[in-house]
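Here the structure is laid out as structure tokens; the discussion comes afterwards.
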Amino acid sequence: MRFGVLLRTCVAWASVTGAVHAQPPPDRPGPDESSRGLLRNEPSAFQGYTLFAPLRRTTTYLIDMRGEVVHSWESRFNPGNSAYLLPDGSLLRAARDPHPNFHGGGIGGRIQRFDREGRLVWDFAYADENKCHHHDIEPLPSGNVLVLAWERKTREEAIAAGRNPETIGERGVLWPDHVVEIEPQGPDGGRVVWAWHSWDHLVQDFDPTRANYGKVEDHPERIDVNFDRGSTRLTRPEMQRLRGLGYVGGDDPDEAEANRGGADRPEPQGARGGPDGGGADWHHTNAIDYHPKLDQIVLSVLGFNELWIIDHSTTTAEAAGHTGGRAGRGGDLLYRWGNPQTYRRGKASDQRLFGQHDVQWIDEGLPGAGHLLIFNNGRGRPDGEYSSVDELATPVNADGKYVCPQGEAFGPKELVWTYAARDRRTFFSGHISGAQRLPNGHTLICSGEQGRMFEVTREGDVVWEYRNPFLGAAGPGGPPRRPGADERPEADSARDSESSGSAATNVRNTTGEGADDKDNADRKDAASQGAEGKDAGSQGTEGKKPAGKNAGPSDPTPAKPVGQPANPAEVPARSAPSGTGASPPGGPGKAPGSGQAREPGGRPEGGPGGGPERGPGGGPGRGPGSAEAVFRATRFPADFPGIARLLTRPAPSETADKGEPPSQSTTP
């Protein structure tokens with residue numbers, strides 16, 4: 001669940017039948033396309049603080065409604081595509097520090113937790129020659145962390161499982177996904193207390209002499225080992241563009257060979273992988289969320305254009321089989337949606353998801369509670385490439401079990417609500433991105449490739465808009481790996497200590513990377529610790545995207561903001577929208593005089609200029625040097641415990657080697 005505390009007041013939400021299509025008003029001329037920082041802040045926007053981590057920077061930022069930086073955390077690593085503010089004011093983030101065996105989009109390898117003073121208090125590596133964390137993590141109420149990761153399977157293992165040899169090549173490997181639950185131990189350790197492996201739940205009808213043989217259409221609960229999304233694999237120029245975004249880490253040594261015969265040819269199935277196009281990165285699962293009452297996990301599986309739900313109430317042994325757990329299905333898929341072609345109960349016209357990201361359950365107390373919300377990127381849509389945010393209700397029976405009629409696909413056929421721009425060209429992010437339901441019924445959207453964060457009403461009106469002004473300074477693949485794979489140089493440790501204000505252990509973890517704990521004897525049962533009873537100051541969190549009641553002053557900014565913006569020399573000045581009543585241009589973190597940037601007579605959609613988001617390379621958000629990319633944004637209410645703890649303490653100084661000024665804040 002993405003919200004960490006239950007709402008103390010409920011916001012009314014009219015129930016609807018069928019899909020509600022949010023149709024924004026016609027586009028109007030807006031601010032210049034170079035405008036960054038705060039572009040709009042209307043009184044009806046949900047008041048709070050927004051957390052985001054630019055892909056090309058090592059800093060995670062928390063801003064208020066006026067775009068002022070009120071707190072920041074500095075790491076040695078670029079983000080591994082996820083960051084969460086916990087109720088005690090600490091930051092849990094994934095970091096990009098992979099093993100050389102793995103390459104591709106969303107790559108991570110390390111999980112870090114910083115306290116509210118910026119000290120590194122946990123630094124856990126989940127990356128070796130056979131596995132590597134990527135994309136997302138999920139904090140649990142128990143304090144444990146769910147980790148999404150690849151695991152390496154050889155060509156021989158893949159063929160034995162029923163994979164068609166022609167789809168993996170002579171040197172090929174597969175990286176199917178798995179999920180582990182990590183119990184943090186010490187400053188850099190962790191123990192696997194639960195695990196689920198997609199490799200344990202396969203079906204194939206290619207080779208009757210191999211394992212997993214059966215009729216694919218008879219087993220929607222299993223994963224077709226030969227499903228191929230080859231038509232959506234990326235070309236070499238697209239790979240280069242994603243490296244420019246900071247989304248793909250490192251250079252794939254096989255890339256040149258994989259793309260011989262023409263720059264626009266897709267990588268073959270046997271390539272070592274890619275962001276979501278190479279054959280090795282078969283699933284490319286890019287998001288994970290947890291429902292504490294159901295004790296279930298939902299995954300966004302881009303490689304299949306689907307979302308999957310699995311049971312977390314199982315033991316590790318049960319998760320490897322087909323029985324056990326609360327649902328009685330072991331680790332088999334309980335529900336899947338988005339592309340019934342993957343289990344042969346639909347055709348191309350039945351596909352509903354297109355390169356989606358950031359699936360999540362809407363939390364209790366929020367409008368649409370219990371529904372699934374997802375950013376549908378729209379890459380490869382038959383009616384044109386455009387993005388949407390979709391809300392769907394899963395079909396369940398009286399016992400709460402997911403319904404799939406015999407021989408048919410999982411529903412629903414219609415969405416509860418969807419948002420897309422009237423001029424579809426103006427809202428398209430082919431990769432990354434996310435969305436969040438807010439307590440007032442609005443939805444916060446992050447169009448990731450453009451670093452554009454905006455809040456829309458149920459009717460589709462934009463009431464708050466901000467564009468990431470913190471442009472990346474790191475190279476396309478992120479900072480280079482430091483010398484020494486197993487321990488950090490003294491100079492780097494000293495730098496981290498200096499930037500965080502104290503010495504913190506920061507050594508590559510060698511504990512907890514062995515075999516999964518199949519007996520699961522000491523597992524902490526996260527489901528038994530409900531969100532209602534969790535101490536807000538503990539390490540654990542009840543979810544990723546906390547929210548509170550829709551209350552508080554129109555501007556929750558403290559009297560003197562905590563923390564400072566990045567070096568102005570690194571950030572272009574913000575241009576106020578023409579005719580908005582905002583203050584004159586100023587650097588990020590400097591509030592407009594009115595605190596608002598309203599557009600008289602209309603609300604432009606898409607890019608700040610009212611037209612399509614266009615990167616330097618042309619086309620919507622496709623510039624090779626798009627350094628403003630943000631994978632996701634999260635809004636927190638002023639009464640979220642983590643916010644209160646942060647804003648009642650001074651923030652640490654910014655890192656000296658970035659030339660940023662020390663904090664000049666005082667306790668409000």
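So that you can scan it fast, the table gives a plain yes or no per residue for (1) more than 25 Å from the chain's Cα centre (by Cα); (2) buried (at least 24 other Cβ atoms within 10 Å of the Cβ); (3) under 19 Å from residue 309 (Cα atoms):
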| residue | (1), (2), (3) |
| --- | --- |
| 347 | yes, no, no |
| 359 | no, yes, yes |
| 366 | no, yes, no |
| 376 | no, yes, yes |
| 379 | no, no, no |
| 387 | no, yes, no |
| 394 | no, no, yes |
| 400 | yes, no, yes |
| 405 | yes, no, yes |
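Only a single criterion out of (1) open to solvent by less than 20 Å² (accessible area, probe 1.4 Å); (2) modelled with pLDDT under 95 is not satisfied by residue 422, namely (1). For the stretch 166-176, state whether one or more residues are open to solvent by 10 Å² or more (accessible area, probe 1.4 Å), in contact (Cβ under 8 Å) with a residue 24 or more places away in the chain and in a strand (DSSP E or B). So far as the stretch 166-176 goes, yes, one or more of its residues are open to solvent by 10 Å² or more (accessible area, probe 1.4 Å), in contact (Cβ under 8 Å) with a residue 24 or more places away in the chain and in a strand (DSSP E or B). Take the stretch 278-332 and flag every residue that is in contact with a helix residue (DSSP H, G or I) (Cβ under 7 Å, 6 or more places away or on another chain), surrounded by fewer than 24 Cβ atoms within 10 Å (Cβ to Cβ) and among the acidic types (Asp, Glu). Of everything in the stretch 278-332, just one residue is in contact with a helix residue (DSSP H, G or I) (Cβ under 7 Å, 6 or more places away or on another chain), surrounded by fewer than 24 Cβ atoms within 10 Å (Cβ to Cβ) and among the acidic types (Asp, Glu), namely 295. When the stretch 85-113 is filtered for residues that are open to solvent by less than 10 Å² (accessible area, probe 1.4 Å) and either over 29 Å from residue 280 (Cα atoms) or among the β-branched types (Val, Ile, Thr) (or both), the ones remaining, listed by number, are 85, 86, 87, 89, 90, 91, 107, 111.
The requirement of being at pLDDT 95 or above, out of contact with any helix residue (DSSP H, G or I) (no Cβ under 9 Å at 6 or more places or on another chain) and surrounded by 23 or more Cβ atoms within 10 Å (Cβ to Cβ) is satisfied by residue 39. Counting the residues of the stretch 311-326 that are more than 27 Å from the chain's Cα centre (by Cα) and either within 23 Å of residue 408 (Cβ to Cβ) or part of a loop (DSSP other than H, G, I, E, B) (or both) gives 6. Does any residue of the stretch 332-340 turn out to be under 17 Å from residue 431 (Cβ atoms) and of a type in the set (A, V, I, L, M, F, W, C)? Within the stretch 332-340, none of the residues are under 17 Å from residue 431 (Cβ atoms) and of a type in the set (A, V, I, L, M, F, W, C).
The number of residues in the stretch 327-351 being over 16 Å from residue 197 (Cα atoms) and not in a strand (DSSP E or B) comes to 16. For the stretch 391-412, a residue qualifies if it is touching a helix residue (DSSP H, G or I) at 6+ places or on another chain (Cβ under 9 Å) and among the charged types (D, E, K, R), and exactly one does: 408.
Flag: residue 150 matches the condition of being under 19 Å from residue 286 (Cβ atoms), open to solvent by less than 10 Å² (accessible area, probe 1.4 Å), part of a strand (DSSP E or B) and in contact with a Cys (Cβ under 8 Å, 6 or more places away or on another chain).
The values are calculated or read from the model by the stated rules, or taken from the named source; none is laboratory data. Quick caveat, the model's predicted, so the values are computed rather than measured. Every residue, glycine as well, gets a Cβ built from its backbone with ideal geometry; the counts of neighbours run over all protein chains shown. Only protein heavy atoms, including side chains, enter the accessible area calculation; ligands, DNA and RNA are left aside. Shrake-Rupley method; radii C 1.70, N 1.55, O 1.52, S 1.80 Å.
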